[in-house]
Amino acid sequence: MEKMKTSSKQRLSKFLAAAGVASRRACETLIFDGRVRVNGQVALLPQTLVDGKDIIKVDDKAIKGAEGKVYYILNKPVGYICTNRRTNNTKIILDLFEQVEQRVFTVGRLDKDTQGLIIVTNDGHFANRVIHPSSNINKEYLAKTDEEITIDHLQAITNGALVEGAFVKPVRVNKVRKGTVKVTIAEGKKREVRMLLENAGLGVKELTRIRIGGLHLGPLPVGQWRALTEREKELVFE
């Protein structure tokens, strides 16, 4: 009696993530938005089963199977957008990675006016681990404000604010200098740190993310990137 062959097919969202298109969650969004075709047909279900024999395209660009994984740390400059899609003359993070052969993407986002630490990779599974709330990874920011920070300011930041319809509080707030403060957050909602500071009556002159988990930005110059070591990859989750 012949043994039943095990199917090598996998979910479309998993296939795209393994191919370095984006994180699993972002790949599901691409599918729901009708931007993915399988053998010429729009595929709207992440659980659609595919393998390397299928012709899979995202925005009409053919996607190959899993590729070698790469992991980079970037000191993002102000003015760049964390997206793989260009709108008009917008500068995107991938402009800084033109010499990288793999199709990479950012792990999470920093807004256009924020600089600092961001991870760039083609490993969708790794990206999903980093951004998933269950990983409970803290992020630390260094903010320069438009006036001297008082005890009242610090208390107001610590008390939290309403962000994206939810009330959030920072994990830690520390004054560094007269007009500079470190803010550690867990939620990571859009523009969360800016809104915490603005709610406290402080204008933000410069905002830099300096840490993700146990991974620190260090002396990496703005606009520069380098490969992460295996140890640094582990530090993200510490």
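Conditions (1) at pLDDT 95 or above; (2) out of contact with any strand residue (DSSP E or B) (no Cβ under 7 Å at 6 or more places or on another chain); (3) of a type in the set (G, A, S), marked per residue:
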residue	(1), (2), (3)
C27	no, yes, no
G40	no, yes, yes
K53	no, yes, no
K57	no, no, no
D60	no, yes, no
E67	no, yes, no
T83	no, no, no
T87	no, yes, no
L94	no, yes, no
- Query: Quick one: is A127 among the small types (G, A, S) and in the same structural domain as M195 (by TED's automatic domain parsing)?
  - Reply: no
- Query: For segment 145-171, what are the residues that are over 13 Å from L197 (Cα atoms) and in contact with a helix residue (DSSP H, G or I) (Cβ under 9 Å, 6 or more places away or on another chain)?
  - Reply: E164
- Query: Within the set of pairs 6 or more residues apart or between chains, which connect a residue that is outside the structural domain of A200 (by TED's automatic domain parsing) and more than 15 Å from K205 (Cα to Cα) inside segment 174-187 to a residue that is modelled with pLDDT of 95 or more and not polar (S, T, N, Q) with Cβ atoms less than 6 Å apart?
  - Reply: none
- Do you know which of the residues in segment 88-104 that are assigned to a loop (DSSP other than H, G, I, E, B) and under 24 Å from R231 (Cα atoms) is nearest to the chain's Cα centre (by Cα)? V104
- Out of (1) modelled with pLDDT under 95; (2) outside any strand (DSSP E or B), what's the single condition that is false for V193? (1)
- Message: I need every pair where a residue in segment 96-115 that is more than 23 Å from T145 (Cβ to Cβ) has its Cβ under 8 Å from the Cβ of a residue that is of a type in the set (F, W, Y) and not in a strand (DSSP E or B), sequence separation at least 6 or different chains.
- Response: V104/F97; V107/F126
- Note on the structure: Checked segment 132-171 for anything outside any loop (DSSP other than H, G, I, E, B), of a type outside the set (A, V, I, L, M) and farther than 30 Å from R24 by Cβ; matches are K144, T145, D152, H153, Q155, T158, N159
- Taking segment 136-159, which residues are farther than 22 Å from K205 by Cβ, at pLDDT 95 or above and surrounded by fewer than 18 Cβ atoms within 10 Å (Cβ to Cβ)? N138, N159
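The values are calculated or read from the model by the stated rules, or taken from the named source; none is laboratory data. Quick caveat: nothing in here was measured; it's all calculated off a predicted structure. Virtual Cβ from ideal backbone geometry, glycine too; neighbours counted across all protein chains shown.
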